[in-house]
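Single-structure report; data block below.
The values are calculated or read from the model by the stated rules, or taken from the named source; none is laboratory data. Note that this is a predicted model, so its numbers are computed, not measured. FYI the Cβ positions are ideal-geometry reconstructions off the backbone, even for glycines, and counts take in every protein chain you see. Heads up: the accessible areas ignore ligands, DNA and RNA and are worked out on the full protein's heavy atoms, side chains in. Shrake-Rupley method; radii C 1.70, N 1.55, O 1.52, S 1.80 Å.
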Amino acid sequence: MEYLNVYDSNKKKLNKKIVRGESLPDGEHILVTVIFIKNSEGKYLMQKTSKEKGSRFSTTGGHVLYNETSKEAIIREVKEELNLDISNENIKYIGSILFGIPFGDIYYLEKDIDISSLKLQTEEVESVSYLSENEILNLIEKEQITKSHGLMFKKLLEEIK
């Protein structure tokens, strides 16, 4: 059973936790986090989620667990999903957006990763590939990417340009 922190509408952590999947009253939120990893060719490491997770494109990310920071969570998620340790990398916090119940914290990392060396968490990730900005925007337009990840990618592009 996973526990999550609860936040108010200003993203202030409340003295409250819930079991992941429980519903929240209006004005209360949870926190998820994603990271966009860009290589030296200007392409982003994207994943295709497993069939159980909808077979959609997304970036690496997940829920921020109780008493965990979003940066700790993204380091954990990258390790779990890709078997890649980024704890000593120059991870940049881009910002946060609210989309319904969750806030989404967005991180960015510039790093060349040999995708053939990754060990994927097959329960979550079917495959990984590098995609250009235009390819990702095309996936967003065709609704072939997890909607929240598409929104966060657009926010990333606004912030890094």
All positions within the stretch 128-156 that are within 19 Å of Lys111 (Cβ to Cβ) and surrounded by fewer than 14 Cβ atoms within 10 Å (Cβ to Cβ): Ser129, Ser132
Report the residue count in the stretch 57-68 for those that are open to solvent by 50 Å² or more (accessible area, probe 1.4 Å) and either under 16 Å from Asp114 (Cα atoms) or of a type in the set (Ser, Thr, Tyr) (or both). 1
What pairs come out if I take residues in the stretch 1-28 that are outside any loop (DSSP other than H, G, I, E, B) and pair them with residues that are loosely packed, with under 11 Cβ neighbours inside 10 Å whose C-beta lies under 6 Å away, six or more apart or interchain? Val19/Met1
Return the pairs, sorted by first residue and then second, in which the second residue is open to solvent by 70 Å² or more (accessible area, probe 1.4 Å) and among the small types (Gly, Ala, Ser), the first residue lies in the stretch 114-139 and is at positive phi, the beta carbons are less than 9 Å apart, and the residues are 6+ apart or on different chains. none
Filter the stretch 69-85 for residues that are in contact (Cβ under 8 Å) with a residue 40 or more places away in the chain and either buried (at least 18 other Cβ atoms within 10 Å of the Cβ) or in a loop (DSSP other than H, G, I, E, B) (or both) and give the result. Ala73, Ile74, Glu77, Val78, Glu81, Leu82
Would it be correct to say that Gly54 is out of contact with any Lys or Arg (no Cβ under 7 Å at 6 or more places or on another chain), exposed (fewer than 14 other Cβ atoms within 10 Å of the Cβ) and touching a residue at least 60 places away in the same chain (Cβ under 8 Å)? yes
In the stretch 34-53, which residues are in a loop (DSSP other than H, G, I, E, B) and more than 18 Å from Asp114 (Cβ to Cβ)? Ser50
Just to check your reading of the model, which residue among Gly61, Gly27 is within 24 Å of Leu139 (Cα to Cα) and small (Gly, Ala, Ser)? Gly61
Which numbered condition Lys92 fails, given (1) within 13 Å of the chain's Cα centre (by Cα); (2) under 24 Å from Glu158 (Cα atoms); (3) not small (Gly, Ala, Ser): (1)
Just to check your reading of the model, which residue among Glu77, Glu72, Glu89, Glu81 is modelled with pLDDT of 95 or more and within 17 Å of Ser129 (Cα to Cα)? Glu81
